[in-house]
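Worksheet: the structure to be examined is printed underneath.
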């Protein structure tokens, strides 16, 4: 393998995730220490740490292309992995890496640009007969033009930023008199977020499901898909929980949508890992929405049901290796659910709640995977995203995965910051969610409260505190209680166990 050392141009849990795969492959990784997080957990997983704590620039190092290239060259890296966010979908960054003979672990700059610009992506999709919602042929220059187009395709419509995603620069318009206001808001938000005010318009699909397909392509033209992920649980277009596969798809629809994902990826000569996103309406008609040219936050659920390490595949593809996996080799086994545990105040509209994590306890059952970049004592800083951990649970089927997810969530304890745990504990018990009958409007339309109140919440906290105290202070194994039971926590059993001490 020609790639020997990789600069991780990112932080947090995704940096840890990349370093784990690199180490498994015998590849060294380089991390960047910042003044904001000088003792971050991800630094302990790196083979080399570049100290950037004296950097007084207002631009975070993970957004400074020239600085990242310079660090890669100084530390002898022959490749860069951008993770997700920051510069992961920046075509110029990928191009600069190539100019400096550094392998960019991701797709080509051309593919990033074409799929990153939503209006270009729409044109490519249309020219390849990929199903699309009706919309503008290109960017909209003003609100008057927007009104004309909306009147042709019919309200409601959605205004979208041409150069970005994640819910920014996106507004739903339900009547003509609201267009001017929403157009201005969307355009200004797009300019602030992506340095590009360009927007376009699509017909708004009411109450759809958000289904995305994971694809892998190599530099020799081979492209496959690894099945779908259900991403409909979201707030303001921000995903909160993902699962794979989706209960909304049967084998026929999965094959058809998967082939469309592969087709549009092939249209831009795509290689590396990527995600093609669709909306699925109540009539089981699907529409291409966008393509994300990077590894996704929710990639672990696909790894859990396919057994394929997506980061390893990215590295091998960047190294010029041909895909060893053929489409016929892809087997979906079981069901996986991922909960994004963020430092957010659910009762305050999911507002970020930065601060120090005083205590952190995660389940270690064999059906649980935890991807995190923090530990007890870590700080959630306002400079970066509020993610604490991704709790990934696998079951034999959806019913089993839901049961195990409930058990796992009840075993998580985080003290010091408010988290999204109460939301997930509510969600996993909601009959509409457990029944699979939900859409992207679930949170806005189907919830009367955003969190779960257990009558045993205080007892649970006391039990977890006792558990941590015993583990930290008792040395005699013969008198330690057994906390490894796999059933949902029984408060009476807890009370009995606690009373023994």
When the stretch 347-363 is checked residue by residue, the ones that are modelled with pLDDT of 95 or more and out of contact with any strand residue (DSSP E or B) (no Cβ under 7 Å at 6 or more places or on another chain) are 363
Those residues of the stretch 17-32 which are surrounded by fewer than 24 Cβ atoms within 10 Å (Cβ to Cβ) and either at pLDDT below 95 or assigned to a helix (DSSP H, G or I) (or both) amount to 20, 21, 23, 24
Restricted to the stretch 370-402 and to residues being assigned to a loop (DSSP other than H, G, I, E, B) and free of Cβ contacts under 8 Å to residues at least 60 places away in the same chain, the residue nearest to residue 424 (Cα to Cα) is 386
Exactly one of 100, 70 is in contact with a helix residue (DSSP H, G or I) (Cβ under 8 Å, 6 or more places away or on another chain), surrounded by fewer than 16 Cβ atoms within 10 Å (Cβ to Cβ) and over 23 Å from residue 217 (Cβ atoms), and that residue is 100
Of those in the stretch 403-424 that are part of a helix (DSSP H, G or I) and more than 19 Å from residue 364 (Cβ to Cβ), the residue farthest from the chain's Cα centre (by Cα) is 422
Flagged in the stretch 33-62 as within 22 Å of the chain's Cα centre (by Cα) and crowded, with 18+ Cβ neighbours inside 10 Å, in numbering order, are 37, 40, 41, 42, 43, 45, 61, 62
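This table checks each residue for (1) surrounded by fewer than 17 Cβ atoms within 10 Å (Cβ to Cβ); (2) in a helix (DSSP H, G or I); (3) within 16 Å of the chain's Cα centre (by Cα).
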| residue | (1), (2), (3) |
| --- | --- |
| 215 | no, no, yes |
| 220 | yes, no, no |
| 234 | no, no, yes |
| 240 | no, no, yes |
| 249 | no, no, no |
| 256 | yes, yes, no |
| 262 | no, yes, no |
| 270 | no, no, no |
| 274 | no, no, yes |
Of 308, 337, the only residue that is assigned to a loop (DSSP other than H, G, I, E, B), in contact with a helix residue (DSSP H, G or I) (Cβ under 9 Å, 6 or more places away or on another chain) and at negative phi is 308
Among (1) in contact (Cβ under 8 Å) with a residue 24 or more places away in the chain; (2) closer than 21 Å to residue 15 by Cα; (3) part of a loop (DSSP other than H, G, I, E, B), residue 323 falls short only on (2)
Checked against (1) without any contact (Cβ under 8 Å) to a residue 24 or more places away in the chain; (2) assigned to a strand (DSSP E or B), residue 229 satisfies every condition except (1)
Of all helices (runs of 4 or more DSSP H) fully inside the stretch 61-159, the set with 3 or more residues that are closer than 27 Å to residue 261 by Cα and at pLDDT below 95 is 118-127
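The values are calculated or read from the model by the stated rules, or taken from the named source; none is laboratory data. Here the structure is a predicted model, which means the values were calculated and not measured. Virtual Cβ from ideal backbone geometry, glycine too; neighbours counted across all protein chains shown.
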